[in-house]
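Comments concern the structure below.
The values are calculated or read from the model by the stated rules, or taken from the named source; none is laboratory data. Predicted, not measured: the structure shown is a model, and the values here were computed from it. Please note: Cβ atoms are built from the backbone with ideal geometry, for glycine as well, and neighbour counts cover all protein chains shown. Side chains included, ligands, DNA and RNA excluded: accessible areas come from the protein's heavy atoms. Shrake-Rupley method; radii C 1.70, N 1.55, O 1.52, S 1.80 Å.
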Amino acid sequence: MIKAILIFNNHGKPRLIRFYQYFAEDMQQQIIRETFHLVSKRDDNVCNFLEGGSLIGGSDYKLIYRHYATLYFVFCVDSSESELGILDLIQTCSLVFVETLDKCFENVCELDLIFHMDKVHYILQEVVMGGMVLETNMNEIVAQVEVQNRMEKSEGGLSAAPARAVSAVKNMNLPEIPRNINIGDINIKVPSLSPF
């Protein structure tokens, strides 16, 4: 089972982090640093899996990674899985994930992961949810992303939120605002506040 998916750049800056097992935030940061240290110091011609670091469970966990351009894609899985099966799974998942990102963002780059974090998380969720692989067919994933994009456009997305809020206020059935307020000797005249 997948315990975490970590994507960071060549300098160790996290670009996408998804833990499927609870760790406190400070522990997550330590895991990210340790994982980057373990993976980044490895030579390019060695195998793509190694035992997990001391923080993430040591020999009970495996770190399987791929290095694409400036990004490391690291999957942390438990040791009950077959190493070759995991490697095939990781290569399939990371390849499908990267190719899906590439198709959705047209030549994906590190900045796409930063500025389109919501869409990247949605794509990852189409591939893996709760530590289990759901879909490895890139065409199915892209189709679901396109459905999500159409739904966002039909609802107007975040850009239409202020207009929808004004419309909702206009349609509210509010009682009429009093024009004169008398409190003892004080008489207050309320000006017309109608913005509509």
Filter pass, Phe97 being within 16 Å of Leu6 (Cβ to Cβ) and at pLDDT 85 or above: no
Looking only at region 134-144, and only at residues there that are under 28 Å from Tyr22 (Cβ atoms) and part of a helix (DSSP H, G or I), the one that is most open to solvent (accessible area, probe 1.4 Å): Gln144
Test: residue in region 150-171 that is modelled with pLDDT of 80 or more and either part of a helix (DSSP H, G or I) or open to solvent by less than 50 Å² (accessible area, probe 1.4 Å) (or both): yes
Long-range neighbours under 9 Å by Cβ, at least six apart or interchain, first residue among the aliphatic types (A, V, I, L, M) within region 14-33, second assigned to a helix (DSSP H, G or I): Leu16/Leu113; Leu16/Met117; Leu16/Val120; Leu16/His121; Leu16/Leu124; Ile17/Gln28; Ile17/Ile32
Filter pass, Val39 being at pLDDT 85 or above, within 20 Å of the chain's Cα centre (by Cα), open to solvent by less than 30 Å² (accessible area, probe 1.4 Å) and hydrophobic (A, V, I, L, M, F, W, C): no
Selection count where residues are open to solvent by 60 Å² or more (accessible area, probe 1.4 Å), without any contact (Cβ under 8 Å) to a residue 12 or more places away in the chain and closer than 22 Å to Met151 by Cα, scope region 104-133: 6
